[in-house]
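Peer 1: Below are the structure tokens for one structure; questions will follow.
What follows is calculated from the coordinates using simple rules that are stated; it is not laboratory data. If you're wondering where the values come from, they're calculated on a predicted model, not measured in any experiment. Neighbour counts are summed over all protein chains in view; Cβ atoms, including those assigned to glycine, are modelled from backbone coordinates with ideal geometry.
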Ligand SMILES: N[C@@H](CCC(=O)N[C@@H](CS)C(=O)NCC(=O)O)C(=O)O
């Protein structure tokens with residue numbers, strides 16, 4: 001049985017999406033985990049930059065094939081390791097697949113992107129939380145709530161990669177400040193994904209703990225302040 005090298009960052013939403021996909025495919029036991037801790041600037045180390053010049057996690061190396069970007073990784077894992085019973089995660093049907101891609105792109109470019117702009121900048125450079133940015137998050141949540149109207153899952157009646165990806169974003173919002181509660185379709189759907197996705201509670205439980213620890217760490221000094229500190233120590 002071949003191993004899949006999995007470079008991840010504790011408390012990172014895109015890494016958790018890959019982990020959930022691995023569990024849904026029943027291949028998570030193949031993952032050889034390499035933790036890269038941002039708090040120690042480990043993503044900027046030379047060995048990691050050689051693997052991924054963009055220095056982001058997740059990254060997988062599968063039989064010599066290197067890939068980063070969580071959505072690309074998850075599609076690859078389904079294509080390579082999905083058995084018949086896993087095909088619904090990213091089915092071959094062109095239209096179904098196109099709508100799954102739409103939802104994944106919606107998360108990448110709108111839902112998670114807006115949450116990132118709103119929430120993570122306070123950790124990156126100390127910017128205060130902005131009312132206007134929060135409104136953009138609320139608008140995106142409204143979009144998701146409307147996509148779920150009349151749909152069991154994010155795309156039709158089966159759980160797909162779109163559900164795993166979106167559920168990680170929603171969980172990240174839930175553990176930081178639970179304004180998601182105001183969107184009834186999201187609440188109903190999230191509970192269903194939680195019950196359906198293998199190892200959801202176990203994986204997300206660990207994620208919550210790691211995420212909170214990272215947030216606490218950056219409360220003392222922002223990411224940029226710490227990066228500058230590290231740069232001065234090196235010079
Ligand atoms: N769009 C990328 C985002 C990856 C990303 O930004 N990862 C962050 C952690 S959440 C990271 O590795 N940051 C460390 C760095 O940029 O050095 C994906 O979905 O994989």
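Peer 1: Using a/c under 1.5 as the rounded threshold, could you call region 87-196 rounded, prolate or oblate? The axes a ≥ b ≥ c are square roots of the C-alpha gyration tensor eigenvalues, and prolate needs a/b larger than b/c, oblate otherwise.
Peer 2: Verdict is prolate for region 87-196.
Peer 1: Count the DSSP beta bridges whose two residues both fall in the chain, then state the antiparallel fraction as a percent rounded to the nearest 5.
Peer 2: 60 percent
Peer 1: Sticking with this structure for a sec: Expressed in nm to one decimal, what extension gain is obtained for the pair residue 95 and residue 54 from 0.36 nm per residue of sequence separation less their Cα-Cα distance?
Peer 2: So the extension gain works out to 11.6 nm.
Peer 1: Also: Can you give the calculated 222 nm mean residue ellipticity of the chain, where each DSSP H run of n ≥ 4 adds -39,500 (n - 2.57) and the sum is split over every residue, rounded to the nearest 500 deg cm²/dmol?
Peer 2: -17500 deg cm²/dmol
Peer 1: Using a basic spin-label model with each label point 7 Å from the Cα along Cα→Cβ, how many nm lie between residue 158 and residue 81?
Peer 2: It is 1.9 nm.
Peer 1: Then there is this: Can you give the convex hull volume per residue for the Cα atoms of region 77-119, as a whole number of Å³?
Peer 2: Considering the Cα atoms of region 77-119, their hull volume per residue is 77 Å³.
Peer 1: Which residue, 78, 187, 59, has the most motion in a Gaussian network model of the chain that connects Cα atoms within less than 10 Å?
Peer 2: 187
Peer 1: With 10 angstrom as the radius, rank 233, 42 by how many other C-beta atoms surround their C-beta, starting from the fewest.
Peer 2: Ascending Cβ contact count within 10 Å gives the list 233, 42.
Peer 1: Using the per-residue mean of other Cβ atoms lying within 10 Å as a proxy for protection, in what order, highest first, do the peptides 114-120, 159-165, 132-138 fall?
Peer 2: Listed from highest to lowest mean packing, they are 159-165, 114-120, 132-138.
Peer 1: Taking a ≥ b ≥ c as the square roots of the Cα gyration tensor eigenvalues, with a/c under 1.5 meaning rounded and otherwise prolate when a/b beats b/c, else oblate, which class fits the chain?
Peer 2: oblate
Peer 1: Suppose the chain between residue 105 and residue 179 were pulled fully straight at 0.36 nm per residue; how much longer would it get relative to their current alpha carbon spacing?
Peer 2: Result for the pair: 24.4 nm of gain on full extension.
Peer 1: Sticking with this structure for a sec: Give the shape of region 30-121 as rounded, prolate or oblate, defined through the alpha-carbon gyration tensor: a ≥ b ≥ c are the square roots of its eigenvalues, a/c under 1.5 means rounded, and otherwise the shape is prolate if a/b is larger than b/c and oblate if not.
Peer 2: oblate
Peer 1: May I pose another question? How far, in nm, would the chain grow between residue 224 and residue 69 when pulled straight, counting 0.36 nm per residue and subtracting the alpha carbon separation?
Peer 2: That works out to 53.5 nm of additional length.
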